[in-house]
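The values are calculated or read from the model by the stated rules, or taken from the named source; none is laboratory data. Since the structure is predicted, the reported quantities are computational estimates derived from the model, not experimental observations. The area values use the complete protein model at the heavy-atom level, side chains included, leaving out ligands, DNA and RNA. Shrake-Rupley method; radii C 1.70, N 1.55, O 1.52, S 1.80 Å.
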Amino acid sequence: MRLITSILIAFLCSTSIYAEVINSSFGFSIEIPDTWQPLTGEEIKKNPDLFDFDNLSGVDKGLLDQIRPMILSGKMEVFFMANGTDDFTDNINVIKQVGRVLTDSTELAPLCESFPQQLSSMFNRPIKAYRCETTKVANLTGLYLEFDGVISGTRSMQYHIPKSDNVYLVVTATVNNKTYDEMSKKFHRVMETFRVK
């Protein structure tokens with residue numbers, strides 16, 4: 001159930017030049033292209049104008065209204081990925097969860113089998129899973145999931161990365177199906193720069 005909660009929270013929300021290192025208040029750093037727009041606690045401290053969400057160009061205002069309380073309360077950090085489409089703003093969000101990442105094979109098999117059905121039931125439409133496997137991020141063993149986004153016409157790519165014995169980070173990119181090929185490459189390339197502090 002913790003996994004499904006993580007996924008639910010995460011929804012509420014060519015080669016690039018990595019021009020900006022983000023130091024997150026969640027205890028990690030990551031390098032992002034200079035075309036992406038970060039909304040993190042640290043960025044808001046450095047740039048108070050980010051509190052004026054109307055200054056963000058090319059970002060869906062309905063999405064901003066949904067995630068604004070979580071960003072301002074420090075429960076979520078978001079990176080908007082410039083994608084050149086008008087119908088959905090590709091984005092990455094990060095949340096912190098209490099618990100441990102399920103990576104043991106005896107736990108992973110039932111998880112991979114059950115989570116698409118649970119999400120389909122929650123969101124009242126079929127959700128297809130594409131990947132469910134262990135992965136390495138910053139020399140840490142984590143979990144990688146890929147599945148249909150809760151918004152029709154999108155796909156989500158999600159990393160669960162242990163930060164300590166009882167805390168892990170959930171990093172989710174949700175992208176338009178039209179931009180999936182390009183944005184998935186960029187997302188995974190950015191995740192290669194992910195470092196837990």
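Descriptive notes on the structure:
- Added length on full extension, which subtracts the Cα-Cα distance from 0.36 nm per residue, R100 to T134: 10.9 nm
- Rounded percent of accessible protein surface that carbon and sulfur make up, the stretch 63-148, 1.4 Å probe: 50 percent
- Principal axis box of the stretch 70-166, alpha-carbon based, largest edge first, Å: 42, 31, 23
- Checked against a 23 Å cut-off, the cross-linked pairs K136/K178; K75/K163; K46/K186; K128/K197; K96/K178; K75/K136 give Cα-Cα distances beyond that limit for K136/K178; K46/K186; K128/K197; K96/K178; K75/K136.
- At the residue level, V21 shows approximately 80 square angstrom of accessible surface with a 1.4 angstrom probe and all protein chains present.
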